[in-house]
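S.K.: Okay, handing you the structure first.
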Amino acid sequence: MPPFNLSGSLRRLKPEKHTSPLNLRNDAELTFVDDEPLAGPALLLDSTVYIHVLTGKTPAKVDQLLEIRTLNHSAVVVGELTSRLGSRVPRDNRERQARARLIEAIHEIPDYRVLVPTVVNWGEAGVISGIVARLGGYPSGRTQDDLNDALIFLQASANGIAVLTANIGHFDRLQQLQPDARVLFYRTNP
């Protein structure tokens, strides 16, 4: 594992050079799954994908991509999903069934497809999430969500794969800071 060179990362990321607000771009400037061929690069799934699949909110094109593409999973997302198991105690049968489906989905993630963030990913995610928070006008208190998304984003970029997400707000801003990173966006079904 390469060591984390903070000075090198700061020279490359240049946080002080980013001064313009990071506003959401128009849809035409983003890559949505409908614009993407079915065959293509591997994907790294954001936590939104798991939740939307389990609740039946993914559009048909997302379901097709999940069947055809090589899927990778982030240890960060595993943590986000398992945190729900500790933070939400089921109160009724419907919630118990949803919890059981989530547990089953986590169990089905193959170990050999789980990407673990490197120290470099962690260090640079801290810098990038700080830039996004500062320039995106985010309220304080969202630091962990911002850091997690930056980790997922940088993991995908470092591995040459695309993030699949419905989280347009966070990942659009991240991609503005690193335009060569691939992100595939989708909107959920009602």
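The values are calculated or read from the model by the stated rules, or taken from the named source; none is laboratory data. Everything numeric in this text was worked out from a predicted model, so none of it was measured. Every residue, glycine as well, gets a Cβ built from its backbone with ideal geometry; the counts of neighbours run over all protein chains shown. Please note that ligands, DNA and RNA were not included when accessible areas were found on the heavy atoms of the full protein model with its side chains. Shrake-Rupley method; radii C 1.70, N 1.55, O 1.52, S 1.80 Å.
S.K.: Of all residues in the stretch 58-71, count the ones that are in contact (Cβ under 8 Å) with a residue 12 or more places away in the chain and either farther than 20 Å from His170 by Cα or over 17 Å from the mean Cα position of the chain (by Cα) (or both). First the steps, then the outcome.
M.R.: Step one: list which residues in the stretch 58-71 are in contact (Cβ under 8 Å) with a residue 12 or more places away in the chain, which gives 58-59, 61-62, 64-66, 68-71.
With either farther than 20 Å from His170 by Cα or over 17 Å from the mean Cα position of the chain (by Cα) (or both) added as a condition, the list becomes 59, 61, 64-66, 68-71.
Number satisfying all stated conditions: 9.
S.K.: For residues that are farther than 18 Å from Asp172 by Cβ and part of a helix (DSSP H, G or I), scanning just the stretch 37-51, find the one that is most open to solvent (accessible area, probe 1.4 Å). Before the answer, list the steps.
M.R.: Just the residues of the stretch 37-51 that are farther than 18 Å from Asp172 by Cβ, to begin with: 37-42, 50-51.
Add one more test, that the residue is part of a helix (DSSP H, G or I), and what stays is 50-51.
Details: Tyr50: 24, Ile51: 42 Å².
Of everything passing the filter in the stretch 37-51, Ile51 is most open to solvent (accessible area, probe 1.4 Å).
S.K.: Consider Pro90 carefully, then state whether it is open to solvent by less than 40 Å² (accessible area, probe 1.4 Å), out of contact with any Pro (no Cβ under 6 Å at 6 or more places or on another chain) and over 16 Å from Ile161 (Cβ atoms).
M.R.: Values: open to solvent by less than 40 Å² (accessible area, probe 1.4 Å): yes; out of contact with any Pro (no Cβ under 6 Å at 6 or more places or on another chain): yes; over 16 Å from Ile161 (Cβ atoms): yes.
Here the answer is yes, as Pro90 does meet what is asked.
S.K.: Now for a separate question. Go through (1) touching a residue at least 24 places away in the same chain (Cβ under 8 Å); (2) among the polar types (S, T, N, Q); (3) open to solvent by 60 Å² or more (accessible area, probe 1.4 Å) and name the single condition Gln144 misses.
M.R.: (1)
Residue by residue, here is whether (1) within 22 Å of Val62 (Cα to Cα); (2) open to solvent by 60 Å² or more (accessible area, probe 1.4 Å) holds:
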{"position": "Gly86", "(1), (2)": "no, yes"}
{"position": "Arg99", "(1), (2)": "no, yes"}
{"position": "Glu108", "(1), (2)": "yes, yes"}
{"position": "Thr118", "(1), (2)": "no, no"}
{"position": "Trp122", "(1), (2)": "no, yes"}
{"position": "Ile152", "(1), (2)": "yes, no"}
{"position": "Ser157", "(1), (2)": "yes, no"}
{"position": "Leu174", "(1), (2)": "yes, no"}
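S.K.: Give me the pairs: first residue in the stretch 9-32 and open to solvent by less than 60 Å² (accessible area, probe 1.4 Å), second residue at pLDDT below 85, beta-carbon distance under 7 Å, and six or more apart or on different chains, which are they?
M.R.: Hits for this filter: His18/Leu135; Leu22/Leu135; Leu22/Gly136.
S.K.: Hey, among Val119, Val163, which residue is of a type in the set (Val, Ile, Thr) and more than 17 Å from the chain's Cα centre (by Cα)? Full working, then the answer.
M.R.: On the way: Val163 fails: more than 17 Å from the chain's Cα centre (by Cα).
Sole residue among the options that is of a type in the set (Val, Ile, Thr) and more than 17 Å from the chain's Cα centre (by Cα): Val119.
S.K.: Looking at Ala105, Ala100, Ala75 in this structure, which one is free of Cβ contacts under 8 Å to residues at least 12 places away in the same chain, at negative phi and out of contact with any Asp or Glu (no Cβ under 9 Å at 6 or more places or on another chain)? Before the answer, list the steps.
M.R.: Values: Ala105 fails: free of Cβ contacts under 8 Å to residues at least 12 places away in the same chain; Ala75 fails: free of Cβ contacts under 8 Å to residues at least 12 places away in the same chain.
Answer to the check: Ala100.
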